[in-house]
Amino acid sequence: MDRNPNALGISEAAAFIGAHEQTVRKLARSGAIPAYRVGTVWRFRKEALVRWMEGQQRGRSGCSVLVIDDDERICKALARIVEQFGCRVRQAPNGQRGLELVAEAVPDLILLDLIMPAMNGPQFLRALRKTQPDLPVVVVTGYPDSALMKEAAQYAPLMVAPKPVDQALLERTMRVALGKRSTAGVE
């Protein structure tokens, strides 16, 4: 029996952070939210939840990601992952529009498709590296062994994430690519 008077149960924690109970349970199981178990029951310390929520807010306001992909469904799926990770997101349907968005405001990270009309991934990278030689880029592609990928590889630094996208793998990749710029999640 947990004798901590400040400990919250699932329903109390859900109400406190404004989330559904199932969401809180899932976050607790994955270790994404500060929680502990007493037997089979999840418990939450209010102070830890406050610190976690503050960290989530810093993450949302602190990092930005530009998603460049011509497939609208993939663009939206990647944007959803980025937002869940805690970063602001902008989207571009091709490399040309991506360059325009970078000129407006340089993101902390770019998620880039290889095969796009108007300007493909390697063409985008060639132009990007003229003004942003160290900006981290994650190439999100279903063709990691293609000639386009080999061409893109000369414009480092970049990392590769395969399509179809695995959310956990992409989040780990973003965390590595963002380094200290990533404040999302649990410390």
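Coordinate-derived values only; no laboratory data. All figures in this text were calculated on a predicted structure; none of them were measured in a lab. Cβ placement follows ideal geometry from the backbone for every residue including glycine, while neighbour counts extend to all protein chains displayed.
Structure above, values below:
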{"item": "Contour minus Cα-Cα distance for Lys76 and Glu12 (0.36 nm per residue)", "result": "19.8 nm"}
{"item": "Overall dimensions of region 108-187 as given by Cα atoms, namely Rg and Dmax in Å", "result": "12.8, 41"}
{"item": "Label assignment, Rg/Rh (Cα atoms, Kirkwood Rh) derived from the structure, set (1) 1.00; (2) 1.03; (3) 1.08", "result": "(3)"}
{"item": "Potential extension, Val41-Ala103 segment - 0.36 nm per residue separation minus Cα distance", "result": "17.3 nm"}
{"item": "Length-normalised contact order of region 63-178 in % [C-alpha pairs under 8 Å, at least 6 apart]", "result": "24 percent"}
{"item": "Length released on extending from Thr23 to Ala48, taking residue separation times 0.36 nm less the Cα-Cα span", "result": "7.3 nm"}
{"item": "Ranking of Met119, Met174, Met53 by count of other Cβ atoms within 10 Å, fewest first", "result": "Met53, Met119, Met174"}
{"item": "Ranked list, fewest to most other Cβ atoms within 10 Å of each Cβ, for Cys75, Cys63, Cys87", "result": "Cys75, Cys63, Cys87"}
{"item": "Neighbour-count order for Lys76, Lys130, fewest beta carbons within 10 angstrom listed first", "result": "Lys130, Lys76"}
{"item": "Size of electric dipole in the chain: Cβ of Lys, Arg +1 and of Asp, Glu -1, about Cα centre, debye, nearest 20", "result": "580 debye"}
{"item": "Lone cysteines, the chain (no partner Cβ under 4.7 Å)", "result": "Cys75"}
